[in-house]
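Please read the structure below before turning to the comments.
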Amino acid sequence: MTQAFRIDNGGLVDREKKLSFKFNGKTYFGYQGDTLASALLANGVHLVGRSFKYHRPRGFFGAGVDEPYAVVQLYRNGETEPNVKATEQELFEGLEAKSVNCWPSVNFDIGAINNFLRIFLPAGFYYKTFMWPKSFWYRIYEPFIRKAAGLGVASTKHDKERYEHKYEYCDLLIAGSGPSGLASAYAAAKNGAKVILAEDKPRFGGSLLTSDVNIGNQSGKDWAEGIIAELKTMPNVVVKNRSQIFGYYDHNMLVMSEKVSDHLPSTKKYHPNKRLWYIRAKEVLISSGSIERPIVFGNNDTPGVMLSSAAKEYLKVYGVLVGRKPLVFTNNDSGYETAIEFKKHGVDPIVLDSRKNPESEIIDEAKNLGINIKNSYVVVAAQGYKKVKSADIANISEDKKQLGKIENIQCDCICVSGFWTPTIHLASQSGNKTKFKEEIDAFVPGQSKQNEITLGAANGVFSLEETLKTSFTAGSELSKKITKNDYKIAIPNVVEKKSSQHDKFWCVPLPKGKNYKRFLDFQNDVAVSDVEIALREGYRSIEHVKRYTTLGMATDQGKTSNLNGLQLVSEIENKVVPAVGHTTFRPPYTPVSIGAIVGREVGKHSKPTRKSPMHLWHEKNNAVFVDAGVWLRPRYYRRGNENLFEGSKREAKNVRTNVGVCDVTTLGKIDIKGPDAAELLNRVYTNAWLKLPVGKARYGVMLREDGIVMDDGTTTRISENHYHMTTTTAQAANVLSHLEYYLQLVWPELNVNVVSTTEQWAGAAIAGPKSRDLLQKLFPNSDVSNEGLPFMGYMEGDLFGVKARIYRISFSGELAYEVNVESDYGNFMWEKIIEAGEEFNIQPYGTEALSTLRIEMGHVAGSELDGRTIPFDNALEGLVSKKKDFIGKRSLQRSAFIAEDRQRIVGVVPLDKQTSIPEGSHLVKDDKAPLPNPKLGHISASCWSVEYDNPFSLAILKDGKNMIGQKLFAMSPLKNKVIPVEIVSSHYVDPKGERVRS
Amino acid sequence: MLYINCPHCGMRSQNEFSYGGDASVKRPELNKEISDKEWDDFVYNRKSLRGKHLELWQHISGCRQWIKVERDTATHEIFKTFKADEEVA
């Protein structure tokens, strides 16, 4: 395959490096330095996709980030990525891409029938049509729309690529490496400021790569290369290409996506695919340039119609002709620059200028080259379906309302220039109040809200001389403020051709009897007629018009369509453009890979994994783990082919009959010290704490100020002014913050310090009738008898030379102890317990057995303390002091909290003693009652009682106090179960609590 | 992302902090008889102010100190930050 449209010389591609690639299954060749777009154009390929709504053939419209059409599905190194702009994707050996939004193929697309049905698909079509009948939405409309819509397919595979995040701080962040970016970066760098210069394209230089100018006796391109080369040598400067600053957030935080590997056939080892930079800049200089805007005319979406600046870029940067018979349609001098480039490469363009008699240096040059120029001429309509074949052109009257006789001329591309739109997205995102600049018919940044300044074309300044002057000055002044250096730069002299005034003309009227589609938004297929309908139907706010017509809502965010849309609304509404206003610019400026936003935080890296010091032992002993917050905890220790149910039952049973050991390291632990520690506890917990003796533990419940239970746990008085608090695993961080809040802000007079010691202690709960025998064996020199270490007692012990803390506390309801040692000795402790416990038939038990044990004892946990219950609901009102005040006490007087029929914890047993009740089931009186069946309560936790060998659940039930003995139904629509149940006491096992005291 | 000057640690990004609500709310004294209205105002009722607002933040991933931040809720401008026990001028 030859590259028939590649000129022999010129361009910045590396002709030594020929690359092969595939597009829609066909093999082509291009060069290193091409984009997929330029390589396809070099091969004469103009048809790349189908439009979103009407499935009309689509080609290339731009040459960069503004591209609305050439969105492809990319295949690279076994991965696929949708929504890739062919104009941005650099070519690499073996690249594969496919068209999107067309079926079965781009050349024959069945959806194109929408093009002929288009009178039925006007603005708001979806809103009007798919509303009724209601049942049709799921069955017919939605599946149809889903199949028809979309720009590519997301991969369902796990992404093998790596994405990184980076935080950076700088004095000046400069967005864009065109003339203003280079000048300001250079001036600031010379003043010693820390500068980051970001360029979204692979090549630095912006407009200097394509414009015919001289700076300091060099071509613009050479000057840019020199500046970049010098900047790269400076240690205070970071220069980044392929890096798009896409969002401007609060307090001068900007986010940039760096494409590290997209231009390579595969990502290098240890390299990320993309890197997301969070940059906090003292000053931001926005030099994002401008984007050429189209002129609207009939069939202006035909492949071959493109921006004149894009045609010039393809020629000057890539050495590619977009056509051999070009028609240039312009309302300003920029079109002539493109025409001149064509002419210089032996191609004869025709220029249609909507202006009557424009005069400037550029026009003179075009005339001198003998270019055919037709003044007061416009393109009425492009002709050709999959590619421009000819153009209907006509003379236009001075008021731009009347067309002369239509003539048809042959051409193979139409290069359009409707003047320039400054890229003000970043400035607007920063909160800058933009203003409309009449001379250029476009918005420019106005009043800054943050430390930002917009320079050059992005600020509506199109003269290179002025741009360089203001940019050198801005870079110098802003950096001087920060570094106090004042390096004097001689501003180089500039040779550029002067332009004449553009024509305020943007839309060609329809000729009589013709009904050509004239597109405003090329990606979302929004035509002039659609906006007219929206306005006719009463939409006035530009934000509403946008949403109703979808104008500017495609992935290109209307970079080429917004302003023409505003022009149209202002014309119909008879308002000036600034009165219409513009829609809000929101980040991201251009689509950003989800992978880049997520960064490294995927899969198991999405949160830290916390493991106890005994984790390896658990692993070796067949523990099946469960996530408990960020902790990994053994759920049960599998023996043979046991399942969870069998294993946990065995473990729980062994605790009730022998002795078990459970890793409780994950419990939150807070060290509390100071003379006022008891007073703090007394205010934080609902029960009394002032008289707790040294060496004793107490169970406590803490509330939020609204009276809801926040957490529970035991706190032990280690010494006079030293307490050890435990919290639930889940609430550990919140409780610490809670204590800090009251100590720092509410009662700073309390002399107390709190610190988390969760990681400092490893904990093992030893539970079961034989636990004391085991403990005695572990601590032969300590008196652990019922008298020596009574229930809720505490002592220190010596565990084979390791200092241990022994608490006689119980969650399982059995005689139980908790032994803590410093974390480093956790595994030592565990192994000693298992070793010594062998003769007592010890078994480790996991969280599932732990749950079973606490549920059948009626001990509450997270599923009851769910942020909706007060102490009474959990049968904990006995712990609520009537004498003293504490956090949340006043709320307990609220009428709902003292209602006679207040909800309360109960036990629930299925009548058949067989059927387990799903957690979350609702308790109802009548299982046949019409929906919504009044709910009396819900099942909070379920287990298989090992004591009675039947299912048992806890529930929070309305008027639970008076419901014992009642027969109700537990209904679980999710599990499709209706279970007749009896309400019993929540203390199913050992209701008097004798075992823990035995 | 906000850039908050922790009076103990200096300029830090918002993701090191957690938000703690209106700093002007004063908890009623312990053991004091108060009306339902007073208590409700303390627990629940907050003004959703537009403009300058004194609020609490905790530097949870830093010094763990609660601080007061004077911030414009509409523009996010931060005027001043204070230590927990500092008088707000």
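Note on residue A:982 and residue B:35: the model spin-label points, each 7 Å out from Cα along the C-beta direction, lie 5.2 nm apart. Once you have a ≥ b ≥ c as the square roots of the Cα gyration tensor eigenvalues for chain A, tell me rounded if a/c is under 1.5, and otherwise prolate or oblate according to whether a/b is larger than b/c. Prolate shape, in that a/c is at least 1.5 and a/b is the bigger ratio.
Between the Cα long axis of helix A:308-318 and the first principal axis of chain A there is an angle of about 80°, rounded to the nearest 10. Only helices enter the 222 nm calculation for chain B: every DSSP H run of n ≥ 4 contributes -39,500 (n - 2.57), and dividing by all residues gives -2500 deg cm²/dmol, rounded to 500. Counted by neighbouring Cβ atoms within 10 Å, the residues A:840, A:23 run from fewest to most as A:840, A:23. Adding -39500 (n - 2.57) for every DSSP H run of four residues or longer, then dividing by how many residues chain A holds, sets the calculated 222 nm ellipticity at -6000 deg cm²/dmol. Rounded to the nearest 10 degrees, the inclination of helix A:220-233 to the longest alpha-carbon principal axis of chain A is 30 degrees. Taking 16 Å as the straight-line reach from the Cα of residue A:401, the lysines in range (excluding those fewer than 8 positions away in the same chain) are A:356, A:504, A:512, A:514. Extension gain, residue A:616 to residue A:795: 0.36 nm times the residue separation minus the Cα-Cα distance gives 61.6 nm. Sorted fewest first by neighbouring Cβ atoms within 10 angstrom, A:632, B:49 come out as B:49, A:632. Checking the Cα-Cα distances for A:166/A:259; A:696/A:884; A:259/A:449; A:282/A:484 against a 18 Å cut-off, the pairs over it are A:696/A:884; A:259/A:449. Put simply, when A:605-612, A:438-445, A:881-888, A:470-477 are sorted by average Cβ atoms within 10 angstrom per residue, most first, you get A:470-477, A:438-445, A:881-888, A:605-612. For a modelled paramagnetic label at residue A:169, 7 Å from Cα along Cα-to-Cβ, the residues of the stretch A:273-295 in reach, with backbone nitrogen under 11 Å, are A:280-282. For residue A:927 and residue A:704, the FRET efficiency from 1/(1 + (r/R0)^6), where r spans their Cβ atoms and R0 equals 35 Å, is about 0.45.
Annotation: the residues B:44, A:794, A:741, sorted from fewest to most other C-beta atoms within 10 Å of their own C-beta, follow the order B:44, A:741, A:794. From the alpha carbon centroid of the stretch A:659-715 to that of the stretch A:873-891 is 14 Å.
If you take each beta carbon of peptide A:736-744 and count the beta carbons of other chains within 10 angstrom, what is the mean?
Mean number of neighbouring Cβ atoms from other chains: 4.
Legend: residue pairs A:435/B:80; A:433/A:546; A:649/A:832, Cα-Cα distance threshold 22 Å; pairs beyond threshold, A:435/B:80; A:649/A:832. Between residue A:541 and residue B:75, the FRET efficiency estimated from the beta carbon spacing at R0 = 35 angstrom works out to 0.90.
Taking 0.36 nm per residue of separation and subtracting the Cα-Cα distance, full extension of the segment from residue A:601 to residue A:433 would add 56.9 nm.
Just list whichever of A:935/B:26; A:669/A:770; A:85/A:240; A:98/A:316; A:389/A:498 have alpha carbons separated by over 31 Å in the model shown. Before the final figure, lay out each step's value.
Working: A:935/B:26 39 Å; A:669/A:770 27 Å; A:85/A:240 20 Å; A:98/A:316 27 Å; A:389/A:498 34 Å.
In this structure, A:935/B:26; A:389/A:498 exceed 31 Å between Cα atoms.
When both the stretch A:1-70 and the stretch A:978-992 are represented by their alpha-carbon centers, they are found 74 Å apart. Selection among A:621, A:695, A:667 by position relative to the dipole of the stretch A:599-698 gives A:621 as farthest towards the positive end (Cβ unit charges, Cα centre). Once the Cα atoms of helix A:644-657 and of chain A are each reduced to a long axis, what angle between those two axes, in degrees from 0 to 90 to the nearest 10, is obtained? For A:644-657 against chain A, the angle is about 30 degrees.
Read the figures in this text as sums done on the coordinates, not as results from a lab. Note that the coordinates shown come from a computational prediction; the quantities given were computed from them, not determined experimentally. Here the Cβ is made from the backbone with ideal geometry for all residues, glycine too, and neighbour counts use every protein chain on show.
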